[in-house]
Amino acid sequence: MRLKEENAYKNEVEKENGGRVRLKEEGRCKGEVEKESQRLYSTMISGAYQQKLVVGYALTSKKVKSFLQPKLERLARTKGILFVAIDLHRPLSDQGPFDIVLHKLTGKEWRLILEDYGQRHPEVTVLDPPDAIQHVYNRQSMLQDVADLNLSDCYGKVGVPRQLVIKNDPLSIPDAVSRAGLTLPLVAKPLVVDGSAKSHELSLAYDQLSLSRLEPPLVLQEFVNHGGVLFKVFIVGETIKVVRRFSLPDVSKRELLNNAGVFQFPRVSTAAASADDADLDPGIAELPPRPLLEKLARELRRRLGLHLFNIDMIREHGTRDRFYVIDINYFPGYGKMPGYEHIFTDFLLGFVQSKQKRCPANHS
Ligand SMILES: Nc1ncnc2c1ncn2[C@@H]1O[C@H](COP(=O)(O)OP(=O)(O)OP(=O)(O)O)[C@@H](O)[C@H]1O
Ligand SMILES: O=P(O)(O)O[C@H]1[C@H](O)[C@@H](O)[C@H](OP(=O)(O)O)[C@@H](OP(=O)(O)O)[C@H]1O
Ligand SMILES: [Mg+2]
Ligand SMILES: [Mg+2]
């Protein structure tokens, strides 16, 4: 072979070899990348990838539908949070392991199960403690902490409407009301909130005599005129979000004089329609001052021992800064709270961080 031909041949061989080597290398990389992504994919599917938190939940099917919306589950997954349904037919300790248990079920049996579980598994955060929830399932005790707090500062004053508890004997109600000096009209509310529709059947009573038609046990609360707008203050840990909702309209003196009887009214404030975009009188629609809400929420969180609740608040019509808390609900309809999926996932992740701070060795 002549030199020229020899060199050309060598180049050709080198080119071909180099190509083969490159191809071989690329092949290996490609294979490895494929293998790696396969591994990542399967670990993601199995939930082992960057999973930080397993949240067991025990909620009614209605609540699962309203709360565990796809947008929440999706965002939670990307943040390493996995929601797992608790099987009520199996012992709780056999399930999980959970980092957090989220629940809203009524009944003594469930309460006992949770209390026992909480004692056996102090490492699990039970949101929230059953006895603290029980406290707000009674309309008398739910507002007691607001009354005790007696919040009053330069931003406003927060109280509760005057109220009276009637445990039995409906015939005694008219007398009891005049002895207590309550002013009509009165809102009659079932004493215990137990998740049933009946416990949300409220009535407005215009005259004293008709009160004996009510069915105790109940709470009779003075109706406070508030311009038909209510502030729903959602609390998720340290986060507060306020929305406006339509509420019962004011009752004028004339209306009170011209009406008698007890009228049941629908669950007006839970309607999906928000009053946030309505064209309202600014004096009525103005949200309660943020610093006042922050103080109220912080105090109630501490006093009630709860992380997840809402406060229904009204502003006395004709005043700028006189507020009343009329209702407190455990684990309310967060699904209707704007941006709840972000607020909730951040709130849950906060427990990982606080656990890491408490036991750094387990998370290194
Ligand atoms: N003291 C009051 N003064 C004026 N309006 C009231 C008063 N109490 C209740 N209301 C009106 O009645 C509605 C229902 O009352 P409340 O919130 O106590 O009932 P609930 O059944 O616990 O409702 P929720 O669905 O929020 O749990 C309120 O949203 C408000 O519109
Ligand atoms: O949307 P708001 O105004 O927050 O009213 C809530 C009630 O206060 C809650 O009691 C309801 O929850 P439960 O149905 O789990 O009690 C809750 O039901 P939801 O979570 O299915 O929406 C709401 O009706
Ligand atoms: Mg309410
Ligand atoms: Mg309520």
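Counting only residues that are crowded, with 18+ Cβ neighbours inside 10 Å and charged (D, E, K, R), which one in region 311-334 is farthest from Asn138 (Cα to Cα)?
Arg315
Which residue pairs have Cβ atoms closer than 6 Å, lie 6 or more positions apart in sequence or on different chains, and pair a first residue in region 87-99 that is surrounded by 15 or more Cβ atoms within 10 Å (Cβ to Cβ) with a second residue that is among the small types (Gly, Ala, Ser)?
Gly96/Gly56; Phe98/Gly56
Quick check: anything in region 233-251 on the phi > 0 side of the Ramachandran plot and part of a loop (DSSP other than H, G, I, E, B)?
Taking every residue of region 233-251 in turn, at least one turns out to be on the phi > 0 side of the Ramachandran plot and part of a loop (DSSP other than H, G, I, E, B).
Considering region 105-149 alone, what residues qualify as being touching a residue at least 40 places away in the same chain (Cβ under 8 Å), over 23 Å from Ile326 (Cβ atoms) and within 16 Å of ligand 2 (Cβ to nearest atom)?
If the condition is that a residue be touching a residue at least 40 places away in the same chain (Cβ under 8 Å), over 23 Å from Ile326 (Cβ atoms) and within 16 Å of ligand 2 (Cβ to nearest atom), then Leu105, Trp110, Leu127 are the ones that fit.
So the check is Cβ under 7 Å with 6+ separation or different chains; which pairs have a first residue in region 162-178 that's free of Cβ contacts under 8 Å to residues at least 24 places away in the same chain and a second one that's surrounded by 15 or more Cβ atoms within 10 Å (Cβ to Cβ) and among the aliphatic types (A, V, I, L, M)?
From region 162-178, the pairs are Ala176/Leu164; Ala176/Ile166.
Select, from Arg254, Arg245, the only residue that is without any contact (Cβ under 8 Å) to a residue 40 or more places away in the chain and within 16 Å of ligand 2 (Cβ to nearest atom).
The match here is Arg245.
Determine which member of the set Val233, Val177 is modelled with pLDDT of 95 or more, more than 16 Å from ligand 4 (Cβ to nearest atom) and β-branched (Val, Ile, Thr).
On inspection, the qualifying residue turns out to be Val177.
Looking at (1) under 23 Å from Arg315 (Cα atoms); (2) out of contact with any Leu (no Cβ under 9 Å at 6 or more places or on another chain); (3) surrounded by 14 or more Cβ atoms within 10 Å (Cβ to Cβ), which one does Glu255 not meet, given that it meets all the others?
(3)
Could you list all residues from region 307-364 that are within 16 Å of ligand 2 (Cβ to nearest atom), in a helix (DSSP H, G or I) and modelled with pLDDT under 95?
The answer is Lys336, and nothing else.
For the structure I just gave you, tell me whether Gly261 is on the phi > 0 side of the Ramachandran plot, within 18 Å of the chain's Cα centre (by Cα) and more than 14 Å from ligand 1 (Cβ to nearest atom).
no
Given the criterion under 25 Å from the mean Cα position of the chain (by Cα) and farther than 24 Å from Val136 by Cα, identify the matching residue among Gly159, Gly228, Gly195.
Of Gly159, Gly228, Gly195, the one residue that is under 25 Å from the mean Cα position of the chain (by Cα) and farther than 24 Å from Val136 by Cα is Gly228.
When the residues of region 286-333 are filtered to those that are of a type in the set (Val, Ile, Thr) and within 16 Å of ligand 4 (Cβ to nearest atom), which remaining residue is nearest to Ile240 (Cα to Cα)?
Here the answer is Ile311.
Determine whether Lys295 is away from ligand 1 (no atom under 16 Å from the Cβ) and either over 13 Å from Gly237 (Cα atoms) or small (Gly, Ala, Ser) (or both).
Yes, satisfied.
Part of a strand (DSSP E or B) and within 16 Å of ligand 3 (Cβ to nearest atom) - does that describe any residue in region 287-306?
no
Against the conditions (1) of a type in the set (D, E, K, R); (2) surrounded by 14 or more Cβ atoms within 10 Å (Cβ to Cβ); (3) away from ligand 2 (no atom under 16 Å from the Cβ); (4) within 30 Å of Gln221 (Cα to Cα), where does Asp175 fall short? Just the number, please.
(2)
When you scan region 198-224, how many residues do you find that are under 29 Å from the mean Cα position of the chain (by Cα), more than 15 Å from ligand 3 (Cβ to nearest atom) and crowded, with 16+ Cβ neighbours inside 10 Å?
Going through region 198-224 one residue at a time, the tally reaches 3.
How many of the residues in region 204-251 are near ligand 1 (Cβ under 9 Å from one of its atoms) and within 19 Å of Leu308 (Cα to Cα)?
Result for region 204-251: 1.
The values are calculated or read from the model by the stated rules, or taken from the named source; none is laboratory data. Predicted model, so just to flag it, every value in this text is computed and none were measured. Cβ: placed from backbone, ideal geometry, glycine included. Neighbour counts: every protein chain shown.
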